[in-house]
Amino acid sequence: MRQQRMLIPTLRDVPGDAEVASHKLMLRAGLIRQLSSGIYSYLPLGLKALQHIQTIVREEMDAAGAQEMLMPALHPSELWKASGRWDVYGPELMRLEDRHGREFALGATHEEVITTIVKDEIQSYKKLPVTLYQIQTKYRDERRPRFGLLRGREFLMKDAYSFDRSQSGLDESYESMYNAYDRIFTRCGLNFRAVEADSGAIGGTDTHEFMALADIGEDTIVHCPSCHYAANLEKAVGQLPAASASSKQSDLNAKPQKVHTPQVSSIKQLSEFLQISPEQIIKSIAIEVNGTPVIVLLRGDCEINEIKLKNVLGGSEFTMLSEAGIHKLGSVAGFIGPLGLPNIKIIADTSIIGMQNAVIGANEADYHLTHVHVERDLVDLTYDDLRNVTEGEHCLTCGHELSFAKGIEVGHVFKLGTKYSRSLGASFSDENGAAEPIIMGCYGIGVSRVLAAIIEQNYDERGIIWPDSVTPFDVHLLTVHVQDEIQLKLSTEIYKTLTAAGYSVLWDDREERPGVKFNDADLLGFPLRITVGKKAVEHIVECKERRSGDQYELTTEQIAAHCQ
Ligand code: ATP
Ligand code: MG
Ligand code: MG
Ligand code: MG
């Protein structure tokens, strides 16, 4: 492919709203463009990488015996009402009406649709087990779409569903998917870990998440360095009683302590978890005041949400006294800010002075401190204190001190049981003609999230460093001076040799300055760069491996021999 003719709009500068490396690099390397919050187009290079991931997923799913199909994105509300999820799923489910006023949802997941198909088409034990999958666009109105493809509102998911007649059958289907996931993420070049997860409200027993390790990951992994224990934080917190026990003590001299907390959606949940009253919790939220990000501390007993608070701050009742000042308005307890400055003091509002044994934290799992004495501690604590990883818990299996890491959830396998088959009436008849509900499992991979996670783990200051398995092109062939007949001729020859041998080659045949071309080549990050320059007269080219940085010269004869 000639670069001259390809749409690869590279950017020199980092777009302002991109926070994490993968998002910045995908924009800079011209892989994606944003259409709206959490909604992206894949440009030619981005699509190529995405397709390579899809191929890996397909090959491994097919090898595991799963069958590919494709279901609609538009679901009639009746289905979601029948499963009970129309009400339970909440605002993340995108809803719309057709011209006749009938309600629909844009599929956030496909248990309802697939179970309906299986209900209609499979009646006998003879047709079981079966595992079906699709690679398809999903819609979720995420509260906080961010980090580019990592948390989109429209994203590509591979979702598979297994149907079995017995629990042991489900165990086998689950294991087979679990092993396929291991192979998929390994082939994608990800550094990942499978962790026990919390089955939460859906019920069911076994569930594992596949976490790509990355500091910017939104999930916390708790793992034991000396045995096989690994769980996500929510699960681990349930298994370790230490957190709630420590917060119950009322030792007024106790120093602030970090504490494990789950991701919660309300102060009430957090207070229940910590077994303290809501007013002992001071929560912080990030907002903008006159364009400056600040962290506002709120009394836990207040129910102010972000929107209302913005209105309050925009109104006349709230005045900022100074850059690092404090303010009170009912439940606003003060603020830390502006964000990004190190060690900004948290300043206590007079209305909460005197509070002892408070819990202070950010609206995130694992960022809470107990035993905070407001008068004594708040001016000395920094936001960094909250962000330090919680330490000091011990493994229940072997007693070794547990380690913590951040992860990106790239896959999730789940033993559903009969929740959907019962509510939607999917049953099979056994050898004796008795009807039994089909036993289900569901298995998701965030295909577009995997793409971002791969970049998040593979880059340097100059750009992306693609793993061989997903790189958009194998080789970047770079002609230094396209006007030079000899360079052009040699480049054409090498291009033909490589493509005939099955390598995908992007040929930089643009009339750009060499510096621009080299920078773009590093930014795009294909595994091998072959530069045709001055030594073309001697049939010598320069090779550079993107990952190792190794450079060496090759003759065209050597390239041809390699391609034989
Ligand atoms: P998260 O905890 O990150 O919100 P989830 O648990 O809600 O994810 P699942 O319902 O388990 O997601 O969906 C299966 C997979 O789809 C996830 O493991 C993840 O890889 C991917 N995924 C989920 N939400 C998104 C999103 N908003 N953008 C991109 N990928 C997503
Ligand atoms: Mg989610
Ligand atoms: Mg999750
Ligand atoms: Mg999940």
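What the table shows:
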read-out	value
I408 vs. criteria within 22 Å of the chain's Cα centre (by Cα), within 30 Å of V118 (Cβ to Cβ), within 16 Å of ligand 4 (Cβ to nearest atom) and touching a residue at least 40 places away in the same chain (Cβ under 8 Å)	no
Count - residues of the range 527-555 that are among the small types (G, A, S) and free of Cβ contacts under 8 Å to residues at least 12 places away in the same chain	2
Where L70 falls short, out of the listed (1) in contact (Cβ under 8 Å) with a residue 60 or more places away in the chain; (2) within 28 Å of A435 (Cβ to Cβ)	(2)
Elements of type helices (runs of 4 or more DSSP H) contained in the range 1-98, each with 3 or more residues being more than 24 Å from the chain's Cα centre (by Cα)	77-83
Of all residues making up the range 79-104, the number that are touching a residue at least 40 places away in the same chain (Cβ under 8 Å) and surrounded by 14 or more Cβ atoms within 10 Å (Cβ to Cβ)	5
Residue within the range 499-513 that is part of a helix (DSSP H, G or I), more than 32 Å from the chain's Cα centre (by Cα) and over 17 Å from L31 (Cα atoms) present	yes
Count of the range 203-258 residues which are modelled with pLDDT under 75, in contact with a Lys or Arg (Cβ under 8 Å, 6 or more places away or on another chain) and surrounded by 15 or more Cβ atoms within 10 Å (Cβ to Cβ)	1
Cβ pairs under 7 Å, 6+ apart, first in the range 178-201 and under 22 Å from G441 (Cα atoms), second in a loop (DSSP other than H, G, I, E, B) and modelled with pLDDT under 95	S199/T205
Any hit, the range 511-526, residues being over 18 Å from P9 (Cβ atoms) and among the basic types (K, R)	no
Criterion violated by A197 - all others in (1) within 16 Å of ligand 2 (Cβ to nearest atom); (2) over 25 Å from G38 (Cβ atoms); (3) not basic (K, R) satisfied	(2)
Out of E493, E436, E485, sole residue that is farther than 19 Å from K535 by Cβ and among the charged types (D, E, K, R)	E436
Filtered residues of the range 105-136 (kept if closer than 21 Å to A212 by Cβ, surrounded by fewer than 22 Cβ atoms within 10 Å (Cβ to Cβ) and more than 16 Å from ligand 3 (Cβ to nearest atom))	I135
Selection status of Y161, under 29 Å from L233 (Cα atoms), buried (at least 22 other Cβ atoms within 10 Å of the Cβ) and in contact with a Cys (Cβ under 8 Å, 6 or more places away or on another chain)	yes
Filtered residue count, the range 139-170, keeping only those that are in contact (Cβ under 8 Å) with a residue 60 or more places away in the chain and either in a strand (DSSP E or B) or away from ligand 1 (no atom under 11 Å from the Cβ) (or both)	19
Selection status of L523, touching a strand residue (DSSP E or B) at 6+ places or on another chain (Cβ under 7 Å) and assigned to a strand (DSSP E or B)	no
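The values are calculated or read from the model by the stated rules, or taken from the named source; none is laboratory data. Note that this is a predicted model, so its numbers are computed, not measured. All Cβ positions, glycine included, derive from the backbone under ideal geometry; neighbour counts span all protein chains shown.
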